[in-house]
1. Taking interchain pairs and intrachain pairs at least six residues apart, which have beta carbon atoms under 6 angstrom, with the first residue in the stretch 92-105 and without any contact (Cβ under 8 Å) to a residue 40 or more places away in the chain and more than 16 Å from Thr127 (Cβ to Cβ) and the second among the charged types (D, E, K, R) and buried (at least 20 other Cβ atoms within 10 Å of the Cβ)?
2. State whether one or more residues within the stretch 139-158 are free of Cβ contacts under 8 Å to residues at least 12 places away in the same chain and among the basic types (Lys, Arg).
3. From the list Tyr91, Tyr104, which one is at pLDDT 90 or above and of a type in the set (Ser, Thr, Tyr)?
4. For Leu52, state whether it is assigned to a loop (DSSP other than H, G, I, E, B), at pLDDT 90 or above and either at negative phi or not small (Gly, Ala, Ser) (or both).
5. Which one of these is farther than 30 Å from Arg23 by Cα and either out of contact with any helix residue (DSSP H, G or I) (no Cβ under 8 Å at 6 or more places or on another chain) or basic (Lys, Arg) (or both): Leu74, Leu66, Leu52?
Amino acid sequence: MSSIPISSMLNNGDQPKFTENERSYYVQWYNTYPYPCDDAERDRLDAVHEALYAAALGDRLHLATLRTGRLRILDIGYGTGKWAIQMKGRYPQAEVIAIDIGNYPVDEYDRPVNFGVEFRPGVDFLTDDWGFENGTFDFIHAGLLCGSVPDWQNFVGKVTR
């Protein structure tokens, strides 16, 4: 597994976009991910993250009971990267890998000293081989995917393998 450096994620020019009603959208993923990919959408995603994890869940990033020690964590649909970065901060020994169909630039907010999240942009949740063997992860997070997964049965099959 090769890691994608944070510097490569800070340039959002890798995927073609189109503009409609003064909002930018990914060309390739429009039928799968019909949401904008611009600063206003990044702000919305961060606001939803704060509302869900900080306010609604009392500053918890999950409700699972996780074992201690070295965990392998997968974040599906990392968006702005905030959840994955915060998980790495709370579980510094964990290997955190994050995949997404888009290529939002990942901010360095909440960046822990031991930053080490592996971001993999441009992964089609349904058709791509994600590059992981069955049973690779101890914890899988797939938050805020409403409207982004056209075939949930296929998606859940890939996630639970």
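1. Pairs that qualify, where the first residue is without any contact (Cβ under 8 Å) to a residue 40 or more places away in the chain and more than 16 Å from Thr127 (Cβ to Cβ) and the partner is among the charged types (D, E, K, R) and buried (at least 20 other Cβ atoms within 10 Å of the Cβ), are Val96/Lys88; Ala98/Asp75.
2. Step one: of the stretch 139-158, the residues free of Cβ contacts under 8 Å to residues at least 12 places away in the same chain are 146, 152-153, 156-157.
From the residues that got through so far, the ones that are among the basic types (Lys, Arg) too are none.
There is no residue in the stretch 139-158 that is free of Cβ contacts under 8 Å to residues at least 12 places away in the same chain and among the basic types (Lys, Arg).
3. Values: Tyr104 fails: at pLDDT 90 or above.
Exactly one residue qualifies, and that residue is Tyr91.
4. Values: assigned to a loop (DSSP other than H, G, I, E, B): no; at pLDDT 90 or above: yes; either at negative phi or not small (Gly, Ala, Ser) (or both): yes.
Taking the combined requirement at face value, the residue does not satisfy it.
5. Working: Leu74 fails: farther than 30 Å from Arg23 by Cα; Leu52 fails: farther than 30 Å from Arg23 by Cα.
Selected residue: Leu66, the only one of Leu74, Leu66, Leu52 that is farther than 30 Å from Arg23 by Cα and either out of contact with any helix residue (DSSP H, G or I) (no Cβ under 8 Å at 6 or more places or on another chain) or basic (Lys, Arg) (or both).
The values are calculated or read from the model by the stated rules, or taken from the named source; none is laboratory data. Computed from a predicted model, the values in this text were never measured in an experiment. Don't worry about glycine lacking a Cβ; one is built from the backbone with ideal geometry, like all the others, and counts go over all protein chains shown.
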